[in-house]
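As structure tokens, the structure follows; a few thoughts come after it.
The values are calculated or read from the model by the stated rules, or taken from the named source; none is laboratory data. Keep in mind it's a predicted model, so treat the numbers as computed, not measured. Every residue, glycine among them, receives a Cβ derived from its backbone with ideal geometry; neighbour counts consider all protein chains shown.
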Amino acid sequence: MSAVTRVDPVAFHASRRGDKLACIDLESGRSWSYSELNRDVNAAAGWLTAQLGPASGARVATLARNRVFLLILHLAYAFVPIGFVLLGLSSLGLISPSAGIHAWTGGTVGTMTLAVMTRASLGHTGHALTASIWTQAIYAAVLVAAVSRICAALEPQWSNSLLHLAAFTWAAAFLGFGAVYGPILLRPRRA
């Protein structure tokens with residue numbers, strides 16, 4: 001069995017950058033140096049370990065840049081456990097199995113597909129990795145489509161309206177991708 005090397009990026013930067021500015025809470029204005037951030041992260045990790053137990057193996061946080069591209073991936077992934085819960089309820093005969101299936105397909109696969117396509121399109125064409133208002137509208141449309149489709153399976157009396165909403169927003173999301181990203185993908189890569 002090979003040993004696994006774990007890198008603690010907060011401790012790494014604290015050891016090299018110490019008192020330099022690490023982050024700022026824009027709402028409160030509070031700032032942390034790398035050393036202060038390392039101290040507070042270790043305190044939070046200690047508290048979580050005390051609450052969850054040292055052998056829980058639970059992963060509770062991600063250290064990453066705060067971007068819409070990361071948020072949409074997390075939202076897409078959230079449909080995975082939702083799908084399991086819905087399929088579990090359907091196995092008890094409480095709801096239609098299509099609710100769980102659509103959580104996985106429309107929620108996870110559809111949202112993840114658009115998230116990766118938008119991010120990769122910008123990166124591979126040399127554009128800034130910024131989610132424009134149009135990109136955010138694409139994400140909103142696919143999320144509305146997924147939730148509408150799931151709800152159509154859960155609420156039969158509203159299924160006709162919800163299915164139309166799901167179909168319209170699904171089409172808007174993918175056609176929106178074509179309209180916004182088609183021109184970007186057809187032009188030469190930026191330098």
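Please verify whether the range 147-159 includes one or more residues that are among the charged types (D, E, K, R) and either crowded, with 21+ Cβ neighbours inside 10 Å or part of a loop (DSSP other than H, G, I, E, B) (or both).
Initially, the range 147-159 is screened for residues among the charged types (D, E, K, R), giving 149, 155.
Narrowing further to those that are either crowded, with 21+ Cβ neighbours inside 10 Å or part of a loop (DSSP other than H, G, I, E, B) (or both): 149, 155.
Yes: the range 147-159 contains one or more residues that are among the charged types (D, E, K, R) and either crowded, with 21+ Cβ neighbours inside 10 Å or part of a loop (DSSP other than H, G, I, E, B) (or both).
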* Selected residue (criterion: farthest from Phe174 (Cα to Cα)) from residues of the range 122-146 that are of a type in the set (Val, Ile, Thr) and surrounded by 15 or more Cβ atoms within 10 Å (Cβ to Cβ) -> Thr125
* **Ala76 in a helix (DSSP H, G or I), surrounded by 12 or more Cβ atoms within 10 Å (Cβ to Cβ) and at pLDDT below 90** => no
* Condition met for Ala140 (modelled with pLDDT of 95 or more and under 30 Å from Cys23 (Cα atoms)) -> yes
* To do: Any residue in the range 6-20 that's at pLDDT below 85: show its pairings with residues that are in a loop (DSSP other than H, G, I, E, B) at Cβ separation under 6 Å, as long as the two are six or more apart or on different chains.
  => Pro9/Leu63
* Go through the residues of the range 96-112 one by one and say whether even a single one is part of a helix (DSSP H, G or I), in contact with a helix residue (DSSP H, G or I) (Cβ under 6 Å, 6 or more places away or on another chain) and over 18 Å from Cys151 (Cβ atoms). => yes
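If I filter the range 159-169 for residues that are touching a residue at least 40 places away in the same chain (Cβ under 8 Å) and farther than 20 Å from Ser96 by Cβ, do I get at least one hit? Let's see the steps before the verdict.
Quick first cut of the range 159-169, residues touching a residue at least 40 places away in the same chain (Cβ under 8 Å) only: 166.
Filter again for farther than 20 Å from Ser96 by Cβ, leaving none.
Within the range 159-169, not a single residue is touching a residue at least 40 places away in the same chain (Cβ under 8 Å) and farther than 20 Å from Ser96 by Cβ.
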* Asked: Any residue in the range 127-150 that is in the same structural domain as Ile72 (by TED's automatic domain parsing), aromatic (Phe, Trp, Tyr) and within 15 Å of the chain's Cα centre (by Cα)?
  -> yes
